[in-house]
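Report on one structure; see the data block that follows.
The values are calculated or read from the model by the stated rules, or taken from the named source; none is laboratory data. Note that the structure is a prediction, hence the values are computed from the model and not measured. Don't worry about glycine lacking a Cβ; one is built from the backbone with ideal geometry, like all the others, and counts go over all protein chains shown. We work out accessible area using only protein heavy atoms, side chains counted, and drop any ligands, DNA or RNA first. Shrake-Rupley method; radii C 1.70, N 1.55, O 1.52, S 1.80 Å.
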Amino acid sequence: MDLRELIDYVRAHRAGVVSTLGPDGEPQAAYLTLAATDTGELVFDAKPDSRKVANLRRDGRIALVIGGPDGTTLQCQGIADFPAGDELERCTSAYLAAFPEFAPSFDHGSVVVLRVILDWARYGDFRDTPETA
């Protein structure tokens, strides 16, 4: 899977499981909406007082699984951060392009934007008869 295919896959599936590390190293997971920027970063929002935000402020390592119901998955990992300035605007724009219905949460400051820069990804196709492109 090349970068363009990864971006298209995330944009088509729009959600996945995000796993972070809790204070004692225990895994903590959540099913969240996800967007992809044009450069392949993954973007999601979260409440500022959520466990995932606290976990990622302490340790940015993150793993994600996208897909599943159609017999395909994208497993990936990387480092999450909290973009600021122009990067925050760019990531917020990508997220709201995918999920315009969430704009009021951004207007009221009730969410933060997180960006994931991937350092590993693997696509799996577990269908009996994989589709051909």
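Placing Phe44, Phe126 in order of accessible area, with the largest value first and a 1.4 Å probe, yields Phe126, Phe44.
Of the Cα atoms belonging to region 7-82, the radius of gyration and Dmax stand at 12.2, 35 Å.
The mean sequence distance of close C-alpha pairs (under 8 Å, at least 6 residues apart), as a share of the length of the chain, puts its relative contact order at 27 percent. In terms of packing, defined here as the mean over residues of other Cβ atoms within 10 angstrom, the peptides 84-93, 21-30 line up highest first as 84-93, 21-30. One equal scatterer on each Cα of the chain, no solvent, Debye formula: the resulting log10 I(q)/I(0) at q = 0.13, 0.14, 0.16, 0.21 Å⁻¹ is -0.53, -0.61, -0.79, -1.30. Computed over protein heavy atoms with a 1.4 angstrom probe, the accessible surface ordering of Asp49, Asp81, Asp119, largest first, is Asp49, Asp119, Asp81.
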